[in-house]
Amino acid sequence: MISISFPDGHVREFEDGVTPLEVAASISEGLARNVLGASINDAAWDLTRPIHQDSSIVLHTWDSSEGKATFWHSSAHLLAEALEALYPGVQFGIGPAIDQGFYYDVDLGDHSLSVDELPKIEAKMKELAQHKSVFTRQAVSKSEAIRFFTDKGDDYKLELIDELEDGTITFYQQGNFTDLCRGPHLPDTSKIKAIKLMSVAGAYWRGDEKRKQMTRIYGVTFPKQKMLTEHLALLEEARKRDHRKLGTELELFMFSEKVGAGLPIWLPKGTALRTRLEDYLKDEQLRRGYKPVITPHIGKKDLYVTSGHYEKYGEDSFQPIQTPRENEEFFLKPMNCPHHCEVFGHKPRSYRDLPVRIAEFGTVYRYEQSGELHGLTRVRSFTVDDAHIFCTPDQLKDEFLDVLDLTMHVIKKLSFENFTAQVSLRDPENKSKYIGSDENWEKAEAMIQEAAAEVGLDTVVELGEAAFYGPKLDFMVKDALGRSWQLGTIQVDYNLPERFQLEYIGSDNEAHRPIMIHRAPFGSMERFIGVLIEHTGGKFPLWLSPEQFAILPISDQFQSYAEDVKGQLFAAGLRGYIDGRTESIGRKIRDTELKKVPYMLIVGEKEAGTGTVGVRKQGEGDQGSMPVEDFAELLKGLL
RNA sequence: GCCGAUGUAGCUCAGCUGGUAGAGCAGCUGAUUUGUAAUCAGCUGGUCGGGGGUUCGAGUCCCUCCAUCGGCUCCA
C-alpha cells in the first residue's frame, strides 16, 4: 500500500501501482469522467501511469491550466497523426500547447500547405479521435530513440534527441503515430470532441531566422462542441474591438499608402483624445518636478555613435539624411535620450541641482521590418512620453520609486487592471549584446528588483529582454486578441552617462557621474491608445471622450433651444455638438449610438418648455429628463 | 525580412469555367418636421492596389512591385 495526499491535506491509502485515474474514480464517477491530467509530487503525470510510492496528487480538470495544456498537447499529437496519414513523409518539429490551443511545426517538403486543406485535416483528426486510441508511454534508450527516428527519417526529432540525456527519453504512441515526448497525455483520444484548425503560418525551426522555415498549424480543441462554438463567438467579439477597425470607424486615425506604411496619421477626434491623455501626464509630471524640453527630430550621426545606437542599430535604421553641400549625415531620431544627455551636459551641474528630470513627448522614427507593422501597436513613427532623470546614486532608489508610483498612477487612471510587470534583464549567455560593465549591470538589475519588491509589485523575470544599455521594468498589457504588448517602461542606465561623459560636482568638490533613469509611463502614445481602444471597445472614459454629449433636436423648431443648451454646457466646460440634420430622432439616436458618444440629449417641445434635456446614455438607453444645469453637474461629477 | 493569405465605390461585400463592373450603407438633391437604434424617392461615385505580360478580348490567367491580414524573426 502507498499513501497519497490530496491538496486539501487529507491522506488516503491506495494499492501500490494505482493510477491517478483510479484515484479520481475512488472519489467520484464525475471526477473520473472529467479529469484530464495529474501532477504527482508536482511533476506532470499521465492519468494511466502507475504510482509506486507515497505521493502528493493534484488532479487537473478543464478548469485548470494544466488540464487544458494536457488536452491541447494531446490534440497536437492527434494533429500529427492526421498529418502523417494524409501527407506521408512529413517531418515533425515541436507541437506544444499554448494559451489558446496548440500548434505543431511540420516540414511538408515541397508541399506548401494552404488554409484550404485545413478542413480535410480537421476531418481526419475527428475520424482518428473516434478510434479512441490509447496514448501509451514508453521509456526508451537514447540509441533506440535515435534508431527509431533515423529509420523514420525525421531530422528535427533527431536534433532534439541529441540534446537529451539518456535515460530520460520517452515516446508516446497513439494509433499508428509515435512521437518523442515528455508527456503527459490524455488516456485516449476520444475526449477530443470539437476540433478547429485556425491558421497556417511560417515559423523558423527553433526560432532561428537563419534556419529552415517550417509550417506551423494552429488549432484549438474542446471536450464539447458547445465550448468550441462559444470560443469562436468570443473571438468574433474580440475582433469587433480591434483598434484598427474601431480607429477607422470612429475616425481616430488613418494610414495612407502614399504617406507610407507604419506612419499613423491622427485625425481630429484621435488627436483630441491623445492631447487629453498627454495633458493629463504633463500636469502630473509638472507636479513631480519634471522640466519639459523640446528637441529636434534629427541628430547628427556622431550623436548616435556616441550613444552606441549607431553601432547597434545603424544598419537597421532609416538611413541617414545627407546635406547637399557638406555631406553631413543626420539620422531621424530613434530615441530621445541622446538629445536629453546633451541637455543635461550643456552646463555644469551641482549635486544640489539633482535630480534633473528632463521630459519631452518626443516623436521617434524606427525602421521596423515590413512584416512587423501592426495598426498603432507597431509603427515606424511614434511619440514617446519620454523623460530622463539624472540623479546621484543616493537618489536612485527614491527616484525609481517615484517613477513606479507615477506609472501605477497612470495604469490605474486608465483602468488597465490586467497588466504584467516584467523585469527585463540581460541574457547572461550573451553579454556581448550589451554595453557597459558587469558591475554596473549587476547594480542596476539588483536595484530594479529591490524597488519592485519594496512596493509589493508582482513581477516576472525575463532574461534577454533588457535594452542594450540597461535593464528594464516593463508593463505588459494584452490586446483584444490576447497578444501581449509593452506599454510603460522604466530603465536604469549607468552607461549613457558614461558615454556622454556626463558629470556633476559633488559636495566633495569632485566630479561624479550621474545615473540615468529612462521612463515612459504610456510607452508610446500610439501603442497606448491602440490598446486603450481595445480595452474600452471605443467607449472611452468621459474625460477622454472626443465628444461628451450630442444634442439631438426632435425637429428644426428646437434648433435654437439646442443652441441654448449647448451654450450652457460649453460654459460648464463640457464638450459636444448638435446633430442638426433633418432626420428622424430614431435615426439621430442610432447614428450617435454607433459613434459611441457617451450622452445623447434629446430636446423637443417638452424640454424646451421646461429648460430640461432628455438624457440618454450610450449603450444603456433613456435615463429620463432633467434640468440642463443638473445634467452639467452630473457630468462634471463624473470627470 | 521570411511563410501563408487577401486587395473590386468612403465602408461592408457580390461578380460562374476570361466576353470590356453590381448591391446595401455613406455622400449629394428633393420631399418629409419626426419623441429614444435606420422616413421615402432620385442621383453621383470605380484607370477592379500599381506596373508589365499572355490573349481578338483580363476584375478574372501569369510575372513583379506595393499595401493589408495571420504567424515567425525582430522591437533602442
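Details
- Within the stretch A:250-274, residues that are farther than 22 Å from A:V384 by Cβ and assigned to a helix (DSSP H, G or I) reach partners that are of a type outside the set (F, W, Y) and more than 9 Å from RNA strand B (Cβ to nearest atom) with beta carbons closer than 7 Å, at six or more positions or on different chains, in the pairs A:K269/A:L250; A:K269/A:E251; A:K269/A:L252; A:K269/A:P546.
- Each residue in the stretch A:284-307 was checked for being in contact (Cβ under 8 Å) with a residue 40 or more places away in the chain, more than 9 Å from RNA strand B (Cβ to nearest atom) and within 28 Å of A:T407 (Cα to Cα), and 12 of them qualify.
- Test: residue in the stretch A:292-306 that is within 29 Å of the chain's Cα centre (by Cα) and open to solvent by 30 Å² or more (accessible area, probe 1.4 Å): yes
- Check on A:G586, surrounded by fewer than 17 Cβ atoms within 10 Å (Cβ to Cβ), in a helix (DSSP H, G or I) and either in contact (Cβ under 8 Å) with a residue 60 or more places away in the chain or more than 11 Å from RNA strand B (Cβ to nearest atom) (or both): no
- Test set (1) over 36 Å from the mean Cα position of the chain (by Cα); (2) open to solvent by 20 Å² or more (accessible area, probe 1.4 Å); (3) at pLDDT 95 or above - A:F149 fails condition number: (2)
- Count of the stretch A:312-334 residues, restricted to those that are within 13 Å of RNA strand B (Cβ to nearest atom) and more than 29 Å from the chain's Cα centre (by Cα), is 3.
- Close contacts from the stretch A:494-519, counting a first residue that is of a type in the set (K, R) and a second that is open to solvent by 80 Å² or more (accessible area, probe 1.4 Å), with Cβ to Cβ under 7 Å and a gap of 6+ residues or different chains, come to A:R513/A:E498; A:R513/A:E503.
Conditions (1) hydroxyl-bearing (S, T, Y); (2) surrounded by 22 or more Cβ atoms within 10 Å (Cβ to Cβ); (3) over 20 Å from the mean Cα position of the chain (by Cα); (4) under 30 Å from A:S350 (Cβ atoms), marked per residue:
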| residue | (1), (2), (3), (4) |
| --- | --- |
| A:S381 | yes, no, no, no |
| A:D394 | no, no, yes, yes |
| A:K397 | no, no, yes, yes |
| A:D402 | no, no, yes, yes |
| A:L406 | no, no, yes, yes |
| A:S415 | yes, no, no, no |
| A:S424 | yes, yes, no, no |
| A:K431 | no, no, yes, no |
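- Flag not set for A:S141, criterion: touching a residue at least 24 places away in the same chain (Cβ under 8 Å), of a type in the set (G, A, S) and under 21 Å from A:V220 (Cα atoms).
- Per-region count, the stretch A:604-619, residues open to solvent by 30 Å² or more (accessible area, probe 1.4 Å), under 15 Å from A:Q548 (Cα atoms) and not basic (K, R): 1
- Qualifying residues in the stretch A:569-583 (those that are free of Cβ contacts under 8 Å to residues at least 24 places away in the same chain and farther than 18 Å from A:K636 by Cβ) - the one least open to solvent (accessible area, probe 1.4 Å): A:E583
- The number of residues in the stretch A:435-480 being touching a Lys or Arg at 6+ places or on another chain (Cβ under 9 Å) and open to solvent by 60 Å² or more (accessible area, probe 1.4 Å) comes to 5.
- Residue within the stretch A:307-324 that is charged (D, E, K, R), more than 24 Å from A:G470 (Cα to Cα) and open to solvent by 30 Å² or more (accessible area, probe 1.4 Å) present: no
- Check on A:E329, open to solvent by 50 Å² or more (accessible area, probe 1.4 Å) and in contact with a Pro (Cβ under 7 Å, 6 or more places away or on another chain): yes
- Test: residue in the stretch A:332-346 that is over 21 Å from A:I435 (Cβ atoms), out of contact with any Pro (no Cβ under 7 Å at 6 or more places or on another chain) and of a type in the set (D, E): no
- The stretch A:169-210, residues that are open to solvent by 60 Å² or more (accessible area, probe 1.4 Å) and over 12 Å from A:M125 (Cα atoms): A:Q173, A:N176, A:R182, A:M198, A:Y204, A:R206, A:G207, A:E209, A:K210
- Complete set of residues in the stretch A:567-580 that are of a type in the set (D, E) and outside any loop (DSSP other than H, G, I, E, B): none
- Residues of the stretch A:531-566 classified as free of Cβ contacts under 8 Å to residues at least 60 places away in the same chain, in a helix (DSSP H, G or I) and either open to solvent by less than 40 Å² (accessible area, probe 1.4 Å) or closer than 27 Å to A:G488 by Cβ (or both), total: 4
The values are calculated or read from the model by the stated rules, or taken from the named source; none is laboratory data. Here the structure is a predicted model, which is why all the values come from computation and not from measurement. Here Cβ is always computed from backbone atoms with ideal geometry, including for glycine, and neighbour counts include all displayed protein chains. All accessible areas refer to the heavy atoms of the entire protein, side chains included, with ligands and DNA or RNA removed. Shrake-Rupley method; radii C 1.70, N 1.55, O 1.52, S 1.80 Å.
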